[in-house]
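The values are calculated or read from the model by the stated rules, or taken from the named source; none is laboratory data. Treat the numbers as computed from the prediction; the structure is a model and nothing was measured. Methodologically, a virtual Cβ is constructed for each residue, glycine included, from the backbone with ideal geometry; neighbour enumeration extends over all protein chains shown. Just the protein is used for accessible areas: all its heavy atoms, side chains included, with ligands, DNA and RNA removed. Shrake-Rupley method; radii C 1.70, N 1.55, O 1.52, S 1.80 Å.
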Amino acid sequence: MADRVGIEVSVAIGDAVKQANVDVIAAYPITPQTHIVEHLAELVANGEVDAAYIPVESEHSAMSACLGSAAVGARTFTATAGQGLELMHEVLYVASSMRFPVVMTVANRALSSPLSVWGDHSDVMAVRDTGWIQIFTENGQEVVDHIFCAFRIAEDNKVLLPVMIHLDGFHLSHVIEPITFPDQSKVDKFLPDNKYPLPLHPDKPVTMGDFAPPIIYPEAKWAQEVNLRASKEIILKCWQEFGEIFGHHYSPVERYHSEKAKVLLLTMGSFSETAMTAIDKMRGEGRDVGLVRLRLWRPFPFEELRRAVEDAETLIVLDRALSFGGPGGPVCSEVKAALYGQAKKPKVVSFVSGIGGRDISPGDFEEIINKGITISEKGSPNEFEIFGVRE
Amino acid sequence: MQNYGVYVPRLVTKKDIFVSGHRACIGCGEALAVRLVCKALGQNTIIASATGCMEIVSSPLPTTSWKVPWIHTLFENTAAVASGIESGLKMLMKKGRIAQQDITVVAMAGDGGTSDIGLQALSGALERGHNFVYLCFDNEAYMNTGIQRSSSTPYGAATTTSPAGKVSIGQVSWKKNMPAIAAAHNIPYVATACPSYPFDMMDKVKKAAATPGPAYVHILSVCPTGWRCPTDLAIKLGRLAVETGIFPLYEVENGKYKLNFDFPELKPVTAYMKLQGRFRHLSEDIIEKIQKRVTADYAELKERAVEG
Ligand SMILES: Cc1ncc(C[n+]2csc(CCOP(=O)(O)OP(=O)(O)O)c2C)c(N)n1
Ligand code: SF4
Ligand SMILES: [Mg+2]
């Protein structure tokens, strides 16, 4: 292993993409993703990355160029955030439905209006069902490691699906963290050349992206669903191998003092590091609390989640996005759905907080947990609780 | 001309790349244009197609009319998809992962996919200078979705979203000058073409493919269904469009205009318009207005071509 260096996470992403020997980068700038694409442009300009950099005129075209590039079998990367992800929306479905192994980092950002460049998970939630594999990262090392894992998973011929790596805008994208970059020889071994099975090439003409009458469309979509679900096994295998080679171990659901804890907090993304501080403090005071972090958002890790929370009495789920007029935070809805049929399950309380870049401090987490316990005991007239917002 | 049937087949390959069995309407000028264009492009071609008539008629699963690699993704992004294809191929060849060879990357779209919803993606791709050919098949409306107006629909034409009515003449705006927009990007090659002039069209497509950098060819494609005309008129109407000066055939090579067919006297626009139901409702004075505009536009183009 090479040395640990202090580096901005966005810059580290560029360096990891370089190590992944990417062929094509098509990207459009948007805060807080800009440092990623600026650094990549610089690496290409200096000849440090042997890739074509397509400075497209929009995110819609960024993802569209990625389709073309992936279709000829080139290793393809892009990055975006917030409005950019929404502008890509219809193209995202095409990337997954046409089985293109594109890798994209999303520096999660709030959505307009009012305009906010700061972080939350509204952008992700709007693309939840686009058929991409989606992984939420907690720190810079995890993001870098997942650049390699994402290409490996996406390009696996049993998977052939695009992968989104989520990192919280600013809270993670713009911080300087100690990060270890793997030896290039090990990366090359872990991540062989992309071998897309049926690329567009005159030697073997293929027709891609036909239109499907009702006699065939449902089968095509069902095949896609079966395929995305099956990708979990490959994701697990990839993480296992990655751990063996590089010493960093990953799983779909991360647990922190969660075994036998009566009260659990569930988070997604980088805020879990702050939550851990709160958990440590509370446990120090003798409180029986633990933390569960969801890393794999799609395909949803039903079994792992059920196992992680089955012994708890109360599960407090933190969402960083609103589902307007809906049942609460989008993560909480999914968690509730995953637990509904279980004989043994905790009471689930939904909290929404930290939207539009508003911080959640360790003290806030403590308050959320305490409130959550009260609600699970006494009940609440609300579908969900909004925390840290002036009425 | 008597032996036309004998020698013409020798001038053009019998081999088709866009093959029969597709579901285009009877007498479709756009399908004819695509077929001839494909003959000119040849086998070493990758085509990215926009949503539209030609996509829908040629690729209902589990069939295909395409004998070259072909991809359709969405309606408005074809130029961007082609950008990705071109860049991907370039890198794979550079890194030795596929053999070095000349592959023509082609983007095709209708007038809607080009001059309306796909204009931004097209402008970006032209400006970035990708080595690709963009073909716009202009049937002057959104035909695939049922004859709705586009910015390429001519003044006065009735469509389902620019219907002629008691207080409307139909389309109230003049046809967007898409070739001029393409030329304004200072790309090396822009041309207009029509399958009624098959050899001219195929030569232009070959020239476009041989041009390093972006090339744009705008092809008028008669649509009997949408133009409300008999199905045996595609060739005749294409000729009349050129002979009336409504759709002149020209090239813009490195900024220099060249008129490919000039006529000592243009036919009156009525010769073209009276054969089509979409203009049936127009009054004399509107037709006169159209005639004036066509005459003026043609004179301006001619002047530009003289200047070179
Ligand atoms: C984003 C989006 N908007 C609208 C449509 C519906 N649509 C599909 S094809 C088409 C019209 C195509 O017109 P044109 O590009 O002129 O091609 P033509 O069918 O006339 O050959 C429309 C409106 C779509 N597929 N996608
Ligand atoms: S609607 Fe017009 S363009 Fe479309 S297939 Fe029919 S004739 Fe051709
Ligand atoms: Mg059209």
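Would you be able to say whether some residue in the range A:173-187 is in contact with a Phe, Trp or Tyr (Cβ under 9 Å, 6 or more places away or on another chain) and either within 12 Å of chain B (Cβ to nearest Cβ) or surrounded by fewer than 12 Cβ atoms within 10 Å (Cβ to Cβ) (or both)? Checked against the condition, which is being in contact with a Phe, Trp or Tyr (Cβ under 9 Å, 6 or more places away or on another chain) and either within 12 Å of chain B (Cβ to nearest Cβ) or surrounded by fewer than 12 Cβ atoms within 10 Å (Cβ to Cβ) (or both), the range A:173-187 yields no hits at all.
When the residues of the range A:228-259 are filtered to those that are touching an Asp or Glu at 6+ places or on another chain (Cβ under 6 Å) and assigned to a loop (DSSP other than H, G, I, E, B), the one that is most open to solvent (accessible area, probe 1.4 Å) is A:HIS248.
Go through B:GLU76, B:GLU140 for me and flag whichever is at the interface with chain A (Cβ under 10 Å from one of its Cβ atoms), within 16 Å of ligand 1 (Cβ to nearest atom) and closer than 18 Å to B:LYS176 by Cα.
Numbers: B:GLU140 fails: at the interface with chain A (Cβ under 10 Å from one of its Cβ atoms).
The conditions single out B:GLU76.
Cβ separations smaller than 8 Å between residues 6+ apart or across chains give the following pairs from the range A:199-216 residues that are of a type in the set (Lys, Arg) to residues that are open to solvent by less than 30 Å² (accessible area, probe 1.4 Å) and part of a loop (DSSP other than H, G, I, E, B): A:LYS204/B:PRO69.
Check every one of the helices (runs of 4 or more DSSP H) wholly within the range B:218-301 and list those with 2 or more residues that are away from ligand 1 (no atom under 16 Å from the Cβ) and open to solvent by 70 Å² or more (accessible area, probe 1.4 Å). Can you show your working first?
Working: elements: B:224-227, B:234-243, B:269-273.
Correct list: B:234-243.
Taken over the range B:103-122, the residue count meeting the criterion of being within 12 Å of ligand 3 (Cβ to nearest atom), open to solvent by 10 Å² or more (accessible area, probe 1.4 Å) and more than 11 Å from the chain's Cα centre (by Cα) is 2. Scanning the range A:111-154 for residues that are open to solvent by 10 Å² or more (accessible area, probe 1.4 Å) and either over 15 Å from A:SER173 (Cα atoms) or at pLDDT below 95 (or both) yields a count of 13. In this structure, B:THR64 does not satisfy being at pLDDT 95 or above, touching a strand residue (DSSP E or B) at 6+ places or on another chain (Cβ under 8 Å), within 14 Å of chain A (Cβ to nearest Cβ) and buried (at least 20 other Cβ atoms within 10 Å of the Cβ). Is there a residue in the range A:9-30 that is under 18 Å from the mean Cα position of the chain (by Cα) and closer than 30 Å to A:PRO202 by Cβ? Among the residues of the range A:9-30, at least one is under 18 Å from the mean Cα position of the chain (by Cα) and closer than 30 Å to A:PRO202 by Cβ, which makes the answer yes.
Identify the residue in the range A:260-297 that is among the acidic types (Asp, Glu) and assigned to a helix (DSSP H, G or I) and, among all such residues, is farthest from A:VAL187 (Cα to Cα).
If we filter the range A:260-297 for residues that are among the acidic types (Asp, Glu), which is where we start, we get A:273, A:280, A:285, A:288.
Now narrow it down to the ones that are assigned to a helix (DSSP H, G or I): A:273, A:280.
Values: A:GLU273: 28, A:ASP280: 35 Å.
Going through the qualifying residues, I end up with A:ASP280.
If you check B:VAL81, B:VAL12 for being farther than 30 Å from A:GLU57 by Cα and either in contact with a strand residue (DSSP E or B) (Cβ under 7 Å, 6 or more places away or on another chain) or open to solvent by 10 Å² or more (accessible area, probe 1.4 Å) (or both), only one passes: B:VAL12.
When B:ALA125 is tested against (1) over 19 Å from the mean Cα position of the chain (by Cα); (2) open to solvent by less than 10 Å² (accessible area, probe 1.4 Å); (3) among the small types (Gly, Ala, Ser), just one condition goes unmet, and that condition is (1). Of the numbered conditions (1) part of a helix (DSSP H, G or I); (2) more than 14 Å from chain B (Cβ to nearest Cβ), A:PRO32 fails exactly one; give the number of that condition. Against the list (1) part of a helix (DSSP H, G or I); (2) more than 14 Å from chain B (Cβ to nearest Cβ), A:PRO32 comes up short only on (1). Of all the residues in the range A:168-210, those that are more than 30 Å from A:ILE245 (Cα to Cα) and in contact with a Ser or Thr (Cβ under 6 Å, 6 or more places away or on another chain) number 3. Restricting the first member to the range B:148-159 and to residues that are over 17 Å from B:VAL269 (Cα atoms), and the second to residues that are within 12 Å of ligand 3 (Cβ to nearest atom) and of a type in the set (Ser, Thr, Tyr), the beta-carbon pairs closer than 7 Å and six or more apart or on different chains are B:GLN148/B:TYR142; B:GLN148/B:THR159; B:ARG149/B:THR159; B:SER150/B:SER115; B:SER150/B:TYR142; B:SER151/B:SER115; B:SER152/B:SER115; B:THR159/B:THR153.
Keeping to the range B:18-41, report how many residues are more than 18 Å from the chain's Cα centre (by Cα) and more than 14 Å from ligand 1 (Cβ to nearest atom). Give the derivation first.
Filtering the range B:18-41 down to residues more than 18 Å from the chain's Cα centre (by Cα) leaves B:19-23, B:26.
With more than 14 Å from ligand 1 (Cβ to nearest atom) added as a condition, the list becomes B:19-21, B:26.
Residues in the range B:18-41 being more than 18 Å from the chain's Cα centre (by Cα) and more than 14 Å from ligand 1 (Cβ to nearest atom): 4 in total.
Taking helices (runs of 4 or more DSSP H) that do not extend beyond the range A:298-391, which have at least 1 residues that are within 21 Å of A:MET282 (Cα to Cα)?
In the range A:298-391, the matching helices (runs of 4 or more DSSP H) lie at A:302-309, A:362-378.
Matching residues to (1) in contact with a Phe, Trp or Tyr (Cβ under 9 Å, 6 or more places away or on another chain); (2) within 11 Å of another protein chain (Cβ to nearest Cβ):
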| position | (1), (2) |
| --- | --- |
| A:ALA45 | yes, no |
| A:VAL49 | no, yes |
| A:SER58 | yes, yes |
| A:MET63 | no, yes |
| A:GLY73 | yes, yes |
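Scanning for something open to solvent by less than 30 Å² (accessible area, probe 1.4 Å), farther than 27 Å from A:ASP129 by Cβ and not small (Gly, Ala, Ser), does the range A:279-287 turn up at least one residue?
Taking the range A:279-287 first, the residues open to solvent by less than 30 Å² (accessible area, probe 1.4 Å) are A:279, A:282.
With the extra rule that they be farther than 27 Å from A:ASP129 by Cβ, the set shrinks to A:279, A:282.
Within this subset, residues satisfying the condition of being not small (Gly, Ala, Ser) are A:279, A:282.
Checking the range A:279-287: at least one residue is open to solvent by less than 30 Å² (accessible area, probe 1.4 Å), farther than 27 Å from A:ASP129 by Cβ and not small (Gly, Ala, Ser).
Within the range B:1-55, the set of residues being assigned to a loop (DSSP other than H, G, I, E, B), more than 16 Å from ligand 2 (Cβ to nearest atom) and of a type outside the set (A, V, I, L, M, F, W, C) comprises B:GLN2, B:ASN3, B:THR13, B:LYS14, B:LYS15, B:ASP16, B:GLY42, B:GLN43, B:ASN44.
When B:ASN144, B:ASN131, B:ASN139 are screened for being surrounded by fewer than 23 Cβ atoms within 10 Å (Cβ to Cβ) and within 16 Å of ligand 2 (Cβ to nearest atom), only B:ASN144 passes. Comparison of B:LYS302, B:LYS292 shows that the only residue that is farther than 30 Å from B:PRO188 by Cα and modelled with pLDDT of 95 or more is B:LYS292. I'd like to know if the range A:309-317 contains one or more residues that are modelled with pLDDT of 95 or more, in contact with a Lys or Arg (Cβ under 6 Å, 6 or more places away or on another chain) and of a type in the set (S, T, N, Q). Among the residues of the range A:309-317, at least one is modelled with pLDDT of 95 or more, in contact with a Lys or Arg (Cβ under 6 Å, 6 or more places away or on another chain) and of a type in the set (S, T, N, Q), which makes the answer yes. One residue alone among B:CYS38, B:CYS25, B:CYS53 is open to solvent by 40 Å² or more (accessible area, probe 1.4 Å) and in contact (Cβ under 8 Å) with a residue 24 or more places away in the chain, and that residue is B:CYS25.
Being on the phi > 0 side of the Ramachandran plot, open to solvent by less than 10 Å² (accessible area, probe 1.4 Å) and at pLDDT 95 or above is the filter here, so list the residues in the range A:319-367 that pass it. Within the range A:319-367, just A:GLY354 meets the criteria.
Is it true that some residue in the range A:175-195 is aliphatic (A, V, I, L, M) and free of Cβ contacts under 8 Å to residues at least 60 places away in the same chain?
Pass one, the range A:175-195, residues aliphatic (A, V, I, L, M): A:175-176, A:179, A:187, A:191.
Checking the rest, the ones that are also free of Cβ contacts under 8 Å to residues at least 60 places away in the same chain come to none.
Among the residues of the range A:175-195, not one is aliphatic (A, V, I, L, M) and free of Cβ contacts under 8 Å to residues at least 60 places away in the same chain, which makes the answer no.
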